[in-house]
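Reviewing the structure listed below.
The values are calculated or read from the model by the stated rules, or taken from the named source; none is laboratory data. Treat the numbers as computed from the prediction; the structure is a model and nothing was measured. Don't worry about glycine lacking a Cβ; one is built from the backbone with ideal geometry, like all the others, and counts go over all protein chains shown.
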Amino acid sequence: MTKSRWGWLGGWALAVLLVVVMGNVAAARLLRGPEVAFPPVGRVTRLLVIGAGGKDTLRDVREPAEIARVLSFVDARRTSWTAPWYGVPVPRVRAELYDGGTFKGSFGVGPNFFETVRQGAFVSRPAGRPEVDSILGLLRVPPEAMKARRPSSDAQQH
């Protein structure tokens, strides 16, 4: 029988390492919050596309075929939404969903995440660059809309 160079300490070190790793995995799940899933959005007659800061209306979409393409994208991402412990990130572009005058929720886009407000939940999920580019194309939003807003020189002087 060959002895380990670490002796009994090696076994304890491995046990401690496993406990630390498993604890971090459990903590990450707890800090992320429970996963939320949504039903399909349903009827939407208007998409109001808003830019960073929530002040700039980029588009007001009422064309049913265009709305259907955006809803298909949104409904394909109904699961795996969470509220991170540090808070939900703020999107740079947001599509507000309306059925007539009734607000049904919103779907926001950041550089590497999606954010949604639906059924009383305010949650986010990671998104890859191809997904982000795809929804921006469906919303017909120019790439510069994703750039962080800088305060105007007037705002800095006050």
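Yes or no: the stretch 107-123 includes at least one residue that is polar (S, T, N, Q) and buried (at least 17 other Cβ atoms within 10 Å of the Cβ). Within the stretch 107-123 (the criterion being polar (S, T, N, Q) and buried (at least 17 other Cβ atoms within 10 Å of the Cβ)), the answer is yes, since at least one residue qualifies. Summed over the stretch 132-144, the residues that are in contact (Cβ under 8 Å) with a residue 40 or more places away in the chain, under 23 Å from residue 82 (Cβ atoms) and of a type outside the set (S, T, N, Q) give a count of 2. Restricting the search to the stretch 74-97, which residues are surrounded by 18 or more Cβ atoms within 10 Å (Cβ to Cβ) and over 15 Å from residue 36 (Cα atoms)? Those that are surrounded by 18 or more Cβ atoms within 10 Å (Cβ to Cβ) and over 15 Å from residue 36 (Cα atoms): 91, 92, 93, 94, 95, 96, 97.
Elements of the type strands (runs of 3 or more DSSP E) sitting completely within the stretch 39-117 and holding at least 2 residues that are out of contact with any Cys (no Cβ under 8 Å at 6 or more places or on another chain), more than 16 Å from residue 132 (Cα to Cα) and of a type in the set (D, E, K, R): these cover 57-61, 93-99.
Within the stretch 113-123, is even one residue out of contact with any strand residue (DSSP E or B) (no Cβ under 7 Å at 6 or more places or on another chain) and either modelled with pLDDT of 95 or more or closer than 20 Å to residue 147 by Cα (or both)? No: zero hits.
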